[in-house]
1. For the stretch 54-61, state whether one or more residues are surrounded by fewer than 16 Cβ atoms within 10 Å (Cβ to Cβ), under 15 Å from residue 4 (Cα atoms) and within 15 Å of the chain's Cα centre (by Cα).
2. Among the residues of the stretch 62-71, is there at least one that is crowded, with 19+ Cβ neighbours inside 10 Å, out of contact with any strand residue (DSSP E or B) (no Cβ under 9 Å at 6 or more places or on another chain) and farther than 14 Å from residue 8 by Cα?
3. So in the stretch 94-111, with the set limited to residues that are more than 11 Å from the chain's Cα centre (by Cα) and surrounded by 14 or more Cβ atoms within 10 Å (Cβ to Cβ), which one is modelled with the lowest pLDDT?
4. Among the residues in the stretch 35-42, are any farther than 30 Å from residue 121 by Cβ, modelled with pLDDT under 90 and in a helix (DSSP H, G or I)?
């Protein structure tokens, strides 16, 4: 499972980079320049965007720790599986709630492979 863990660490790092660079241009930058939204809302959402950025990179680091460690950390693996799964569920639920289309929030497609891989890693640990 070490190979799957390394691939998962790299994949989640790629997700974090996509969020940082593509999300910055497509979501964060337009948000902070929108004069129609109250400043407190704008800056709170901008702070949340940065918190998500940090969380995504920390998830990648946690997967790397699992890949490099000679000790099994099943609690960490299952927590990461729960995070990936919850990301899929949130984006699907929001897509359905907003216009009834999961295509409006395609981010779930990025997290589905990592959810499956994370589940495989978690189930392989003692």
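1. Within the stretch 54-61 (the criterion being surrounded by fewer than 16 Cβ atoms within 10 Å (Cβ to Cβ), under 15 Å from residue 4 (Cα atoms) and within 15 Å of the chain's Cα centre (by Cα)), the answer is yes, since at least one residue qualifies.
2. no
3. 102
4. Checked against the condition, which is being farther than 30 Å from residue 121 by Cβ, modelled with pLDDT under 90 and in a helix (DSSP H, G or I), the stretch 35-42 yields no hits at all.
The values are calculated or read from the model by the stated rules, or taken from the named source; none is laboratory data. The shown structure was predicted, so the numbers you read here are calculated from the model rather than taken from an experiment. Glycine also receives a Cβ, built like all others from the backbone with ideal geometry; neighbour counts cover every protein chain displayed.
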